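Only the coordinates and a few stated rules stand behind these numbers; no lab work does. Worth saying up front: this structure is predicted, and the values here are computed from it rather than measured. Neighbour counts run over all protein chains shown; Cβ positions are idealised from the backbone, glycine included.
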Amino acid sequence: MKYGQPIYKKCCFCDSPIEVLPLLEGRHTGSILWSDGFMNSPMMPKQEIIAKCDHCKEVVWLIDLENMVIEADNQAVKNKITRYTALNEQELFAIIETEHYKQLPPELQVYLRVEAWHIGNKERRGKTETQAFSKLERENMIALVALLDLGDPQSRVMKAELQRELGEFNSCIEILDYLFDPQFEPIVAKIKEQAELKNINIIKVFGK
Ligand SMILES: [Zn+2]
């Protein structure tokens, strides 16, 4: 794992320089892939695209912020350097309720909903007993099913998995009836097998 030199993004609310460490090199060695598509990758930490500014606590799209150049001798600006914190499930749901969300391109709407789904699934992965989804979680999953495009194989797999977790086993199996590239075979086989067993739990596809 190798990080590059920090880059600074100007918070659009408080002007603080937000420090971002770009990941230059990561590996999927030792990763675990789960049926919901989430991957635990100790050697490939996630790079956030939306987060809370640690200084003003406002939510910012890191990808949209202006870059800042900080001169080595500018101590006043250096003192203002701050970091950011990833959003939690409640914060993601709160954004999804806003007007701002409705104006986002579909891929970012999908991103926010997948993030919320994956965070909620954290305690469920690998468990044999079923932990029911909350009303908000279910609503999010149903909205995600509607947003995901069947033309894209990765979205198709995700949509099938959502249907399985929602207990819509026939729909799940139907969606998976498609000629996938070999790279999708392990996850498709697992999801299908579990749908046939009428199991909604999140299961491991590979890794230990
Ligand atoms: Zn800020």
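Might you let me know whether the range 61-75 holds any residue that is within 16 Å of the ligand (Cβ to nearest atom) and β-branched (V, I, T)? The answer is yes; a qualifying residue exists.
Among the residues of the range 42-60, those identified as acidic (D, E) and near the ligand (Cβ under 10 Å from one of its atoms) are D54, E58. Just checking, does the range 89-102 include any residue being within 25 Å of P45 (Cα to Cα) and assigned to a loop (DSSP other than H, G, I, E, B)? There is no residue in the range 89-102 that is within 25 Å of P45 (Cα to Cα) and assigned to a loop (DSSP other than H, G, I, E, B). Looking across A132, A195, A189, one residue alone is surrounded by 14 or more Cβ atoms within 10 Å (Cβ to Cβ), small (G, A, S) and farther than 23 Å from L108 by Cα. It is A195.
Within the range 1-39, the set of residues being in contact with a helix residue (DSSP H, G or I) (Cβ under 9 Å, 6 or more places away or on another chain), among the aliphatic types (A, V, I, L, M) and either within 16 Å of the ligand (Cβ to nearest atom) or farther than 30 Å from I202 by Cα (or both) comprises I18, V20. Looking across N88, N140, one residue alone is surrounded by 13 or more Cβ atoms within 10 Å (Cβ to Cβ), of a type in the set (S, T, N, Q), away from the ligand (no atom under 16 Å from the Cβ) and more than 29 Å from M1 (Cα to Cα). It is N140. Contact map, the range 2-16: residues that are of a type in the set (A, V, I, L, M) paired with residues that are more than 9 Å from the ligand (Cβ to nearest atom) and in a strand (DSSP E or B), Cβ distance under 9 Å, separation 6+ or inter-chain. Pairs shown: I7/E19; I7/V20; I7/N67; I7/M68.
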